[in-house]
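Colleague: Before we start, here is the structure in question, set down as structure tokens.
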Amino acid sequence: MNPDILRERQNATFDIEKLTNILDGGAERTNRRREIREVLVLNDPDFDYGTPTSLPTMILKLREYGISDPVEINWYKSMYWGTGREALGLHYVMFLPTLYTQCDSEQFNKWVPLIIGTYAQTEMGHGTHLRGLETTATFDPATQEFVMHSPTVTSIKWWPGGRNPLFLPLIFLSIPLSASLFDLFLSGFALPTCSGIVIGDIGPKFGFDAVDNGYLKLEHVRIPRENMLMKYAQVKPDGSYVKPLSSKLTYGTMVFIRSLIVGNAGIVLSQCCTIAIRYSAVRHQSEIRAGEAEPQILDYQTQQHKLFPLLATAYAFLFAGQYMIDTYNRISGDINQGDLSEMPELHALSAGLKAFTTWTANTGIEVCRMSCGGHGYSRSSALPDIYVEFTPSCTYEGENTVMMLQTARFLMKSYRQVQAGQQLSGAVSYLNKVHHRVMAPQAVSSQLDLNLNTLVDLYEIRAAMLVELAAQSIQQESARGKCQEDSWNNSTIDLVRASDAHCHYMVLKMFRDKVDQIEDPGVHSVMSTLAHLYAIHGMGNFTGDFLQAGVLTGAQVPSVSKCLKGLLAEVRPSAVLLVDAFDHHDKMLNSVLGRHDGNVYEAMFEWARSSPLNRTEVHESFHKHLKPLQAKL
Ligand SMILES: CCCCCCCCCCCCCCC/C=C/C(=O)SCCNC(=O)CCNC(=O)[C@H](O)C(C)(C)COP(=O)(O)OP(=O)(O)OC[C@H]1O[C@@H](n2cnc3c(N)ncnc32)[C@H](O)[C@@H]1OP(=O)(O)O
Ligand SMILES: Cc1cc2nc3c(=O)[nH]c(=O)nc-3n(C[C@H](O)[C@H](O)[C@H](O)COP(=O)(O)OP(=O)(O)OC[C@H]3O[C@@H](n4cnc5c(N)ncnc54)[C@H](O)[C@@H]3O)c2cc1C
């Protein structure tokens, strides 16, 4: 083991295993995760990672082992495929959940055990604006079929991931009866026997290469009436339409996957922090004091300032992901029982946190890559591949700006309710104080109060102020004679800012609540330090907001920076131990820089030598192209 990394692991001030257990949701979940990793994947003689049979093997193994929980599927898949994507991601996280949540019992029993599918909602002309989807599904009572049709070029289904060229069960979103409502259809086409279908691949993408994203054009293709997913809405044999309790129930799968993406952003950021911090512990470069040995780059304050706030953010997002999934499971359980009362809040929370966490993690991956210098740009680091695979999460499953505006819509509605004298509960209950003006900033002392509860309060006041400013912008636009829609559009910068602040407050609050639950003194101490670092770092990034909210004075601003530097120094001794607690297996990380043993250089040389370009002393292209050319010169 590299001596630097060995030294970093001595004198631990907290029990790493206990922290790993907290991240997994308990010791049993850690044991289960490791069982999946060690027994069901690594020590499985059929484990044939990276070969053409990998995918079918994985599917059969998941069924053989009876693994159906999304988190356990992710544990298995991430061990099997490392940090990359694989072609069936969409089947597990969108196609199956849609069948689970939108099929009636007969359909469920008929389809769920048997098929692999994709989710074809987006069209060439519309991905965000679902009410603008153009694909039609017209019911023909005479034949008891729906006629599926792509009326325009912009209605061609575009992007469905994992498009299987031979058999195409897919979930469709189409406009069957009226522009405002659309429903889900399962359409199993056995190609190429089924006429009226034009299918293909949309071509090379920025990344996501393991997933074949396709296109699908339908020309009056007929499917049985029974293929409409009929848990919530039905078309009866006589053609009568039974509307769902809410038209937004059709959007349920997107809410589910957005809820998963929150935790996934934490996982991906934790992978990158593991790579960058372990590498920064073994990389020596330049000098701090003339004549002395080159220091570990982790001892540079700027390197700590790049990586430690991201380390704190990774923990924050992992805890936010746990909260999001628990909230999703609770509210979707209520929805299943017909209680839709919290559906708007679930939508607003999942949409906002999906955008907030993916935007932050997306930027953070690049900071981790650049903090590793040239070796960070090598594919051997795994960081370029992680970035390329993660960055579309800011676009898919709800484009982030649009998602933030959906959260803003909920915040504005909540603000209006408070103005009308209603008492709010849940995540927006802090807006009650705005109405009663108890949001007045506390007496701000000359010293920055570092109590975590106080910091959460300051973030709450910041969010409330920005919600109020956005509402006032809309009111001012209306007062200038603008219609409601234009008043909204002319305030969308403020609205996104308010949603971002609301999410920031929510994430810090979840972090603080999680820290409060930690009983082990050592773990509590180090997690409390990270939560403080997350809060103070955010205060440094958004100083203007806190000044504008009146919860920070100009005189206190220098102490924010001073406090931040102190917290960076406090985290430094535990940095490697804190990434060890993420417990990412070398085989899954697949990173020369992030190896657990820290033997980076030897591994990098081996990795380079294994490159196909180094298979022969002289590359065949010399003999094929250069030598004949030289002979002519
Ligand atoms: C930790 C464990 C990890 C496990 C694995 C993790 C895996 C993570 C990675 C997985 C990657 C998988 C690959 C992904 C591949 C990508 C697939 C896709 O992209 S599929 C397509 C996704 N597309 C979208 O998300 C479309 C986005 N657009 C919309 O959702 C909607 O058009 C809209 C919400 C933007 C607008 O809808 P609209 O009907 O126009 O509503 P209005 O804006 O008019 O609002 C009216 C009203 O409805 C409420 N509303 C809207 N949506 C919902 C909802 N979903 N639920 C509840 N309520 C909703 C809205 O709030 C309004 O309410 P009101 O009271 O009137 O204000
Ligand atoms: C890798 C990848 C995989 C995908 N896989 C699938 C899949 O399997 N199945 C599927 O159905 N889809 C899939 N998609 C499509 C994806 O869901 C859409 O790209 C996404 O919903 C965004 O919609 P859009 O492309 O129409 O972007 P647009 O909505 O056109 O966004 C373009 C710009 O317009 C802005 N904008 C749009 N509406 C508003 C508004 N109301 N207010 C302010 N600004 C606005 C956006 O903020 C953005 O800046 C995938 C996409 C990617 C990148």
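Colleague: Give, in nm to one decimal, the length gained when the segment between LEU424 and LEU60 is fully stretched (0.36 nm per residue of separation minus the Cα-Cα distance).
Modeller: Value of the extension gain: 126.2 nm.
Colleague: For region 291-389, what size does the Cα cloud have along each of its three principal axes, sorted from largest down, in whole Å?
Modeller: That gives 71, 25, 16 Å along the principal axes, largest extent first.
Colleague: Can you send over the carbon and sulfur percentage of the accessible area for the chain, probe radius 1.4 Å, protein chains only?
Modeller: 55
Colleague: R0 = 41 Å: FRET efficiency of SER247 with LYS433, Cβ-based, nearest 0.05?
Modeller: The calculated FRET efficiency here is 0.75.
Colleague: Keeping all protein chains in place and using 1.4 angstrom, which order do PHE511, PHE256 fall into by accessible surface area, from largest down?
Modeller: So, going from the largest accessible area down, we get PHE256, PHE511.
Colleague: With every protein chain left in place and a probe of 1.4 Å, what is the accessible surface of TYR100, to the nearest 10 Å²?
Modeller: About 110 Å², ignoring ligands and nucleic acids.
Colleague: Kyte-Doolittle cut-off -0.5, length cut-off 24 Å along the helix's own axis using Cα: show which whole DSSP H helices in the chain pass.
Modeller: What comes out of the filter, once short or polar helices are dropped, is 252-282, 301-336, 343-370, 400-419, 452-479, 492-517, 521-541.
Colleague: On the full set of protein chains, 1.4 Å probe, figure out the accessible area of ILE325 and give it in Å² to the nearest 10.
Modeller: In the full protein context, ILE325 sits at about 40 Å².
Colleague: Another question, if that's okay. Find the centroid of the Cα atoms in region 370-419 and in region 271-321, then give the distance between the two in whole Å.
Modeller: Taking the Cα centre of region 271-321 as reference, the centre of region 370-419 is 23 Å away.
Colleague: Taking the Cβ-Cβ separation of GLU399 and LYS205 as r and a Förster radius of 22 Å, what is the calculated FRET efficiency to the nearest 0.05?
Modeller: For R0 = 22 Å, the calculated efficiency reads 0.85.
Colleague: Restricted to Cα positions, what overall size does region 1-43 have along the principal axes? Three whole-Å values, descending.
Modeller: Extents along the principal axes: 33, 24, 9 Å.
Colleague: Under the 0.36 nm per residue contour assumption, what length would be gained going from the current alpha-carbon distance of ILE288 and GLN475 to full extension?
Modeller: Residue separation times 0.36 nm, minus the Cα-Cα distance, leaves 61.8 nm.
Colleague: With loop defined by DSSP as not H, G, I, E or B, and exposure as at most 14 other Cβ atoms within 10 Å, which is the longest segment of the chain clear of exposed GluC sites (Glu not before Pro)?
Modeller: Of all site-free stretches, the longest is 1-218.
Colleague: If the label point is 7 Å along Cα→Cβ of ARG34, which residues in region 579-596 have backbone nitrogen under 20 Å from it?
Modeller: Under 20 Å, as judged by backbone N against the label point of ARG34, lie 579-590, 595-596 of region 579-596.
Colleague: Express the accessible area of the chain per residue in Å², computed with a 1.4 Å probe while the remaining protein chains stay in the model.
Modeller: 44
Colleague: Let me ask something else. Hey, any idea what Rg/Rh is for the chain, computing Rh the Kirkwood way over Cα pairs?
Modeller: That ratio is 1.00, to two decimals.
Colleague: In terms of solvent-accessible area of protein heavy atoms at a 1.4 angstrom probe, what is the ranking of HIS305, HIS524, highest value first?
Modeller: HIS305, HIS524
Colleague: Separate question: Report the gain in length on full extension from ALA569 to LEU547: 0.36 nm times residue separation, minus Cα-Cα distance, nm rounded to one decimal.
Modeller: 5.3 nm
The values are calculated or read from the model by the stated rules, or taken from the named source; none is laboratory data. The structure presented is a predicted model; accordingly, all values stated were derived computationally and were not measured. Backbone-built Cβ (ideal geometry, glycine too); neighbour counts: all protein chains shown. Areas reflect the complete protein model, heavy atoms only, side chains present, ligands, DNA and RNA absent. Shrake-Rupley method; radii C 1.70, N 1.55, O 1.52, S 1.80 Å.
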